[in-house]
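A.B. asks: I'd like to ask you about the structure that follows.
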Amino acid sequence: MDKIFNQKDRDAIKTIRIAKRFLQQKKEKQLLEIIGKEINAIPDASYIEKKWFQKSYIIGNQKDDFLTGKGVFYITEGRKLFLDATAGHYQMTFGYNHPFLMKKLNEALEMGVPWDCHSNIPGFFVKKLSEKIIQICNPESTLYQVQKNENSLNTVLLGIATGSVACSSAMKIALNYFKKNKGKQKKVVLISLNGNYHGTDFLMQRLRGMWQWIFSENLVFETIEPNDIKMMRDVFKKHGENIAGFFFEPVMMNREAILLNKDFVCEARKLTELVDALLIVDEIQTGLWYPEIFMYKQFGITPDIVILGKGLTAGFHPLSCIVYKRKLDSLEQYDAISTNGNAPLPSFMALCCLYLVQKNAEKIKKIANYYDESLKQLVLEFPKIIISKQGKGFLSGIKFKNQKIALEFHRKCLERGIWLRVHAYHEGHSTALTKFALVVSKDVIDFAINEFREILKKI
């Protein structure tokens with residue numbers, strides 16, 4: 001440390017270690033009693049300023065920046081204890097410093113599992129993860145049966161790191177399929193839902209209305225309202241064979257946690273099949289947060305492409321993938337790739353995460369249902385200020401009567417030490433969002449609901 005960091009830095013690092021020990025020594029009940037409080041047992045220290053950041057990221061007070069965490073709790077540089085109701089940036093599947101994952105990480109390093117290697121020579125755990133994902137998509141079939149069935153999700157592209165790259169890879173497959181099978185069509189139409197978020201790739205951002213001025217009229221982007229079957233039918237009737245693909249997220253965390261209903265999704269599957277277009281399910285948000293791993297299973301459909309990312313490694317390292325039908329396998333090796341995509345150590349960690357979800361599936365389902373019912377009760381208690389409970393399970397939100405109430409609720413939560421998000425920056429959006437890590441307990445849910453209730457009483 002002495003050769004890498006100066007004395008001021010070392011003081012800050014010492015504080016991180018002290019904060020870590022503080023969290024380790026406290027039980028959950030003890031931590032809940034001091035949520036929102038400044039921890040005097042942790043020494044103050046000087047930290048690096050954010051003046052080097054791009055200006056859009058210089059937000060908030062520096063004392064609110066992250067110091068260290070455990071489970072669903074974290075401590076800020078200002079020594080304040082927070083309850084994290086969003087699993088980091090929606091990616092910390094099992095919260096901070098999960099003991100099982102930390103243990104397995106150390107075991108993997110001792111075993112000699114490398115952080116990374118060349119994509120052309122994937123290690124054992126990369127291949128094992130690919131196999132595991134196919135098994136999860138096809139639990140009723142043997143791997144041999146799956147490989148022979150062209151209608152099964154039986155092909156994995158794992159050499160991609162981020163969700164944005166995964167989404168753009170799915171788009172490329174859809175366009176390749178369109179060119180091969182409907183190349184004589186004069187226009188290419190891509191459909192998505194109003195309020196979608198499929199990453200930061202140039203083309204994917206166009207799905208949500210950005211960069212319109214640089215695209216040709218031959219590439220048409222249509223957005224439809226979530227769960228509006230009539231509007232969806234009209235768009236499919238209008239464009240027919242020109243449609244290349246339809247993207248959707250089961251729970252739209254970029255638009256007030258809107259949950260798609262089964263009838264809408266099943267109709268989307270039917271319509272895409274009628275015009276030979278691809279149905280692409282973006283599970284970057286929902287993947288791993290439900291007992292089935294993939295939420296599309298709850299709709300009773302088989303999509304053409306599924307996108308998985310974010311929580312796959314519980315925040316350890318960016319790792320994403322797309323799963324699709326073999327007949328769609330059209331990309332050349334370097335058409336869609338990340339330097340760190342086929343990394344053995346992140347793949348090992350992903351296998352550990354999948355193991356934890358499957359092992360704790362019943363518990364996850366039980367806590368998710370309990371949280372759902374608890375939020376619904378709040379809707380009944382405060383009908384004058386709450387419109388509805390949004391989403392499903394851990395991916396849930398509270399939609400308020402107006403933006404002013406939503407922003408006030410959000411501000412009060414932060415003051416009391418509960419970190420959550422709010423969608424109130426577009427007209428009509430007025431929803432507080434949560435996505436608890438899967439380690440959240442019933443006691444923590446009760447604490448959060450009671451805090452919400454006390455805040456709502458004073459609004």
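The values are calculated or read from the model by the stated rules, or taken from the named source; none is laboratory data. What you see is a predicted model; the values in this text were computed from it and never measured. In this analysis, Cβ positions are derived from the backbone assuming ideal geometry, glycine residues included, and neighbour counts consider all displayed protein chains.
A.B. asks: The conditions are (1) assigned by TED's automatic domain parsing to the domain that holds F124; (2) in contact (Cβ under 8 Å) with a residue 24 or more places away in the chain, and I405 fails exactly one of them. Which is it?
C.D. replies: (1)
A.B. asks: Continuing with this model, one more query. Residues that are at pLDDT 95 or above and under 22 Å from the mean Cα position of the chain (by Cα): does segment 182-191 have at least one?
C.D. replies: yes
A.B. asks: Pairs under 7 Å by beta carbon, first residue without any contact (Cβ under 8 Å) to a residue 40 or more places away in the chain in segment 367-384, partner surrounded by 13 or more Cβ atoms within 10 Å (Cβ to Cβ), six or more apart or different chains?
C.D. replies: Close Cβ pairs satisfying both conditions: D372/K392; D372/G393; D372/S396; K376/K389; V379/I386; V379/S388; V379/K389.
A.B. asks: Further, regarding this structure: From F82, F53, grab the single residue that is under 29 Å from V440 (Cα atoms) and out of contact with any helix residue (DSSP H, G or I) (no Cβ under 6 Å at 6 or more places or on another chain).
C.D. replies: Residue meeting the stated conditions: F82.
A.B. asks: Here is a follow-up. Under 6 Å between Cβ atoms, at least 6 apart or on separate chains: pull out the pairs that start in segment 47-60 with a residue that is assigned by TED's automatic domain parsing to the domain that holds F5 and end on any residue that is among the charged types (D, E, K, R) and surrounded by 10 or more Cβ atoms within 10 Å (Cβ to Cβ).
C.D. replies: Filtered contacts from segment 47-60: Y47/E77; I58/K50.
A.B. asks: Is it the case that G300 is in the same structural domain as G195 (by TED's automatic domain parsing), in contact with a Phe, Trp or Tyr (Cβ under 8 Å, 6 or more places away or on another chain) and within 22 Å of G393 (Cβ to Cβ)?
C.D. replies: no
A.B. asks: Now, a different point. With the requirement that a residue be within 23 Å of the chain's Cα centre (by Cα), within 23 Å of N450 (Cα to Cα) and not in a loop (DSSP other than H, G, I, E, B), what does segment 77-90 give you?
C.D. replies: Matches in segment 77-90: F82, L83, D84, A87, G88, Y90.
A.B. asks: In segment 91-130, what residues are within 21 Å of the chain's Cα centre (by Cα), over 20 Å from G159 (Cα atoms) and of a type outside the set (A, V, I, L, M)?
C.D. replies: T93, F94, G95, Y96, N97, H98
A.B. asks: Going residue by residue through segment 158-168, is there one that turns out to be touching a residue at least 12 places away in the same chain (Cβ under 8 Å), in a strand (DSSP E or B) and either among the acidic types (D, E) or touching a Cys at 6+ places or on another chain (Cβ under 6 Å) (or both)?
C.D. replies: yes
A.B. asks: All but one of (1) assigned by TED's automatic domain parsing to the domain that holds F452; (2) surrounded by 24 or more Cβ atoms within 10 Å (Cβ to Cβ) hold for T313; which doesn't?
C.D. replies: If we test T313 against (1) assigned by TED's automatic domain parsing to the domain that holds F452; (2) surrounded by 24 or more Cβ atoms within 10 Å (Cβ to Cβ), just (1) comes out false.
A.B. asks: Looking only at residues that are at pLDDT 95 or above and either in contact with a Cys (Cβ under 9 Å, 6 or more places away or on another chain) or in a loop (DSSP other than H, G, I, E, B) (or both) in segment 199-230, which one is surrounded by the most Cβ atoms within 10 Å (Cβ to Cβ)?
C.D. replies: Only one residue fits best here, namely P226.
A.B. asks: Just to be sure I understand, how many residues within segment 129-144 are outside any helix (DSSP H, G or I) and closer than 12 Å to P344 by Cα?
C.D. replies: Qualifying residue count, segment 129-144: 0.
A.B. asks: Now a separate question. Please pick out the residue among E150, E225, E241 that is under 27 Å from F400 (Cβ atoms) and either out of contact with any His (no Cβ under 7 Å at 6 or more places or on another chain) or assigned by TED's automatic domain parsing to the domain that holds H429 (or both).
C.D. replies: None of the other options fit; the residue is E225.
A.B. asks: Moving to a separate point now. Please go through segment 109-128 and pick out each residue that is surrounded by fewer than 18 Cβ atoms within 10 Å (Cβ to Cβ), of a type in the set (A, V, I, L, M) and either part of a helix (DSSP H, G or I) or in contact with a strand residue (DSSP E or B) (Cβ under 9 Å, 6 or more places away or on another chain) (or both).
C.D. replies: L109, M111
A.B. asks: Moving on to the next point. Just to check your reading of the model, which residue among I449, I445, I455, I459 is in a helix (DSSP H, G or I) and either farther than 17 Å from T86 by Cα or hydroxyl-bearing (S, T, Y) (or both)?
C.D. replies: Going through I449, I445, I455, I459 in turn, just one is in a helix (DSSP H, G or I) and either farther than 17 Å from T86 by Cα or hydroxyl-bearing (S, T, Y) (or both): I455.
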